[in-house]
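Let me begin by presenting the structure, written as structure tokens, before commenting on it.
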Amino acid sequence: MKVTELSVPESVKEVMLNSGIAELYPPQEEAVNAGVLEGKNLVLASPTASGKTLVAELCGLKHVLEKNGKVIYLSPLRALANEKFDEFKKYAGIRKQSGRRVSVGISTGDFDSSDPWLERYDIIITTNEKADSLLRHRAKWMDEISLVVADEVHLLNEAERGPTLEVVLARLMQVNPDLQILALSATIHNVDEIADWLKAAYVVTEWRPVTLKEGVLLQEEIQYKDGDAKKIEKRTRDATVNLVLNTVKNGGQALVFASTRKNSVTAAKKIADHIYEVLSKPAKRSLEQEAEKILAAGERTRISESLAELVRCGTAFHHAGLAGVHRRLIEDSFRQGKIKVLTATPTLAFGVNLPARTVVVQDYRRWEPGYGYYPISVLEYKQMAGRAGRPKYDKVGEAVLVAKTADEADYLMDNYVLARPERIWSRLAVERIIRGHVLATIASDFAHTENGIYEFFGKTFYAHQYDVKAIKSIIAKILKFLYDEEMINLSGEDIYATKFGKRVSELYIDPLSAVVIRDALRNKPANLTDLSMLHLIAHTPDMGPVMRPYSREMDALAVQVEEHKGEFFVEVPNEWDDHIAYEEFLGEVKTAMVLHSWIDEVSEEKLLEQFRVQPGDLYRIIENAKWLLHATHELGALLENREILPLAFELVERVSKGIKKELLPIVKLEGIGRVRGRIIYNAGFKTIDDIKRASLEDLTNLPLVGPRLAKKIKEQVGGFVKKEAWERLEKGEEWKQKALTEY
């Protein structure tokens with residue numbers, strides 16, 4: 001089907017043709033024939049890179065331009081949401097009948113806001129969690145949504161993220177019964193069941209723009225699914241290294257999936273030297289520049305230095321422990337074909353779009369704390385395999401599992417390569433997971449009786465698969481908990497949220513976290529300090545996994561607990577009565593101490609060394625801490641605990657920037673973070689007035705500032721910048737750059 005034949009506005013066709021799209025892929029054509037452009041609900045299940053996003057774009061633009069509708073695009077991850085935002089932006093120049101241009105907005109953070117500013121956008125990209133938060137705040141513009149696109153809907157099967165997506169879809173169907181739903185998915189076993197729940201048609205296809213060859217590598221030979229075989233030149237004793245070398249020497253890129261972060265780094269180091277030998281001189285020069293970008297981004301640490309060294313060799317690792325800025329640089333460099341081999345943990349398979357000619361699955365087992373090693377699902381393998389083959393660059397993509405023995409090779413062929421993905425099952429019926437959703441149903445006025453609550457949960461995928469009776473006992477238990485903890489009240493048959501319950505729901509925290517915070521605030525410690533607050537939030541379920549104390553740290557942490565005993569909001573467990581609880585408490589204290597060191601301006605490098613924490617984990621803790629400190633401040637205000645309010649408010653800012661109290665005014669200036677803030681303060685510019693009075697030259701001469709930032713700072717504080725002074729500095733900077741270039 002040609003683009004010119006589509007029943008979409010001419011302006012949309014023009015954008016597509018200008019993007020080089022003249023004809024639809026088969027899955028896209030099937031979706032159109034299934035009535036997706038006529039407003040029919042559809043589940044489109046097809047492999048990675050088969051063009052699912054374009055179907056969402058066509059559908060969305062038709063709603064905006066022809067029906068004056070509003071579109072919400074749900075993504076499971078922030079990184080993926082940013083990717084989709086960039087893809088939709090190409091339509092922003094199109095004019096609507098009103099004369100206004102099509103507008104695309106994105107919102108993925110701040111769960112304590114209805115974001116009324118989003119009302120002015122036609123297409124809104126958001127994460128599942130943010131959409132849930134907006135529904136809890138009853139954002140008025142959500143009633144105007146005419147199309148919801150649910151990306152990666154197979155993640156309903158994922159224990160942590162799945163239930164939120166499920167509740168959001170059920171809630172949107174409840175709020176807007178005439179809503180069109182477009183669900184995008186990898187190929188899964190029970191697409192018909194998900195489609196039946198969403199009252200949708202479905203399209204299932206294995207078509208890909210690049211042919212996929214799946215196989216198993218044993219020693220030097222790959223046996224493929226289709227009976228074909230291929231010999232790999234043996235250059236080293238490591239089969240994975242030989243395979244990726246073969247790919248790179250033939251002009252391709254490779255993506256290697258390892259089971260853990262540590263294994264991904266080890267694999268990258270093993271591969272690096274061999275790849276460096278086959279790189280051209282221009283490629284090495286280009287990679288040198290990419291390595292410098294890594295070192296210049298954020299604080300210099302051993303991890304960033306190790307990463308930069310690997311990048312120089314055309315190799316890199318990618319996992320959640322990396323800083324966000326480094327992950328983005330690595331992704332961009334890999335997309336541009338500069339990095340030849342990327343080793344990654346499986347989370348990448350569910351995240352950003354990074355195809356490669358060859359995908360290597362080094363280990364089919366995963367380590368799960370408390371369970372040991374267990375085999376991954378077929379769906380997880382298929383997601384990884386789906387990254388093989390770059391459209392427009394490769395004719396064939398290869399996905400290869402690595403076997404150590406002939407028996408293992410047979411097992412991998414039968415249980416992964418030839419197997420079908422598992423059925424998707426709802427993961428909603430877990431008390432910890434559903435607790436907040438039950439409270440939100442009442443607090444946001446979606447239901448006001450027990451039957452009304454059961455009726456709403458009867459619309460979920462869980463009820464569709466099992467019947468709502470299976471979840472009733474869990475809901476009844478949660479309702480009792482919410483009543484006992486004064487989050488809901490009863491009036492006859494009516495159930496309504498108390499002020500406390502409503503605020504907890506809006507703050508998007510687990511009701512159990514709210515109980516922990518509320519009870520703690522009623523029992524002030526003998527000595528209220530920063531550590532008191534930081535340990536309190538580390539003690540809540542919402543902090544997520546706390547920093548596990550290593551055996552060599554236990555004694556030092558126990559000493560810290562003893563020294564700071566009077567600062568904790570909660571009682572220290574007895575080590576001999578309950579060793580597990582005590583060890584968990586030490587983990588909370590370690591997490592609090594990491595945060596305390598962060599706001600004490602300890603460098604990232606020292607933090608990584610002292611606490612053995614990785615940048616990505618540090619940033620996760622910081623993000624969670626900001627959110628929980630804000631929640632503590634808000635609950636403190638509600639409970640009229642005025643003593644903690646200034647401390648909680650101040651800590652939100654300090655944790656956000658990683659600074660001591662004295663830098664608070666300075667870091668509010670754009671372009672000033674913890675490092676530059678400290679340089680400016682130590683140079684004697686301790687207040688905004690000091691900076692206002694400083695000359696442009698004084699600021700320019702400070703390390704890491706320079707003329708442009710100095711001018712920007714002066715403009716922000718209302719200081720006067722003389723034209724002659726600026727021109728003189730600018731000329732000096734140009735001369736310096738010219739000299740460096742010539743040198």
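Here, each number is a calculation from the coordinates, and none is a lab measurement. As the structure is a prediction and not an experimental result, all values here were calculated from the model. So basically every Cβ, Gly included, is an ideal-geometry build from the backbone, and we count neighbours across all protein chains shown.
Tally Lys and Arg at +1 and Asp and Glu at -1 over the other residues with C-beta under 10 Å from the C-beta of LEU528: what net charge comes out?
Neighbourhood net charge equals -2.
If you count, for each residue, the other Cβ atoms within 10 Å and average over each peptide, how do 135-143, 572-580, 3-11 line up from highest to lowest?
135-143, 3-11, 572-580
When the label point is put 7 Å from the Cα of ARG365 along its Cα-to-beta-carbon vector, which residues of region 392-422 have a backbone N closer than 19 Å?
401-417
Where a ≥ b ≥ c are the square roots of the eigenvalues of the C-alpha gyration tensor, would you call region 431-497 rounded, which needs a/c under 1.5, or, failing that, prolate if a/b is larger than b/c, or oblate?
Because a/c hits 1.5 or more and a/b exceeds b/c, region 431-497 counts as prolate.
For region 34-143, what size does the Cα cloud have along each of its three principal axes, sorted from largest down, in whole Å?
38, 37, 24
Quick check of the Kirkwood formula: for region 238-294, what is the inverse mean of 1/r over all pairs of different Cα atoms, in Å?
After inverting the mean inverse Cα-Cα distance, the result is 12.4 Å.
If you take every DSSP beta bridge fully contained in the chain, what fraction is antiparallel? Give it as a percent rounded to 5.
Rounded to the nearest five, the antiparallel share is 25 percent.
Of the beta bridges DSSP finds with both residues in region 3-204, what % are antiparallel, to the nearest 5?
The antiparallel proportion sits near 5 percent.
Once region 295-342 is represented by equal point scatterers at the alpha-carbon sites, with solvent omitted, what log10 I(q)/I(0) does the Debye formula produce at q = 0.16 Å⁻¹?
So the normalised log intensities are -0.37.
By a straight-distance test (C-alpha under 26 Å), which lysines pair with LYS472 as possible cross-link partners, with residues fewer than eight away in the same chain excluded?
LYS199, LYS459, LYS480, LYS499, LYS502
When we measure straight from the Cα of LYS657, which aspartates and glutamates land under 18 angstrom away, once same-chain ones fewer than 8 places off are left out?
ASP110, GLU299, ASP530, ASP600, GLU601, GLU604, GLU605, ASP617, GLU623, GLU670
Given a cut-off of 23 Å, what percent of all Cα-Cα pairs of region 166-289 lie beyond it?
57
If you put +1 on each Lys and Arg Cβ and -1 on each Asp and Glu Cβ, how big is the dipole of region 211-417 around its Cα centre, in Debye rounded to 20?
Here the size comes out at about 700 debye.
If you take every residue apart from ASN190 with its C-beta less than 10 Å away from the C-beta of ASN190, what net charge results, scoring Lys and Arg +1 and Asp and Glu -1?
With Lys, Arg at +1 and Asp, Glu at -1, the neighbours total -3.
Ordered by packing density, taken as the mean number of other Cβ atoms within 10 Å over each peptide's residues, highest first, how do 211-221, 417-427 rank?
211-221, 417-427
For region 43-102, what is the convex hull volume of the alpha-carbon atoms per residue, in Å³?
It comes to 95 Å³ per residue, whole-number rounded.
For the chain, max minus min Cα coordinate along each principal axis, in Å, sorted largest first?
In descending order, the Cα extents are 83, 72, 67 Å.
Under the definition of Cα pairs under 8 Å and six or more residues apart, what whole-number percent is the relative contact order of the chain?
Relative CO of the chain lands at 10 percent.
What net charge is computed for the residues neighbouring GLU23, neighbours being all others with C-beta under 11 Å from the C-beta of GLU23, Lys and Arg scored +1, Asp and Glu -1?
-1
Determine, for each peptide in 553-563, 459-469, the mean count of other beta carbons within 10 angstrom over its residues, then list the peptides with the highest first.
459-469, 553-563
Bin width 10 Å, alpha-carbon pairs only: give the P(r) of region 146-185 as whole percents, running from 0 to the bin holding the largest distance.
31, 54, 15
Rounded to a whole number, what is D in µm²/s for region 117-222 from Stokes-Einstein with the Kirkwood radius over alpha-carbon pairs (10 °C, 1.306 mPa s)?
So the translational diffusion coefficient is about 99 µm²/s.
In Å, what is the Rg of the alpha-carbon atoms in region 511-658, and how long is Dmax?
14.5, 42
Test of the criteria: in region 504-573, which trypsin sites (Lys or Arg not before Pro) are in a DSSP loop and have at most 13 other Cβ atoms within 10 angstrom of their Cβ?
Sparse-neighbourhood loop trypsin sites (Lys or Arg not before Pro): ARG522.
Using Cα positions and a limit of under 13 Å, work out the aspartates and glutamates in reach of LYS89, with same-chain residues fewer than 8 apart set aside.
Counting by Cα, and skipping residues close in sequence, LYS89 has these aspartates and glutamates nearby: GLU57, ASP122.
Which whole-number percent of Cα pairs in region 3-204 have a distance greater than 26 Å?
Taking all Cα-Cα pairs of region 3-204, the fraction more than 26 Å apart is 27 percent.
Using amide H atoms built in the peptide plane, which far-off residues or other-chain residues are under 5 Å from ARG101 H to H?
Here LYS96 satisfy the definition.
Can you give the convex hull volume per residue for the Cα atoms of region 424-465, as a whole number of Å³?
Here the figure is 65 Å³ per residue.
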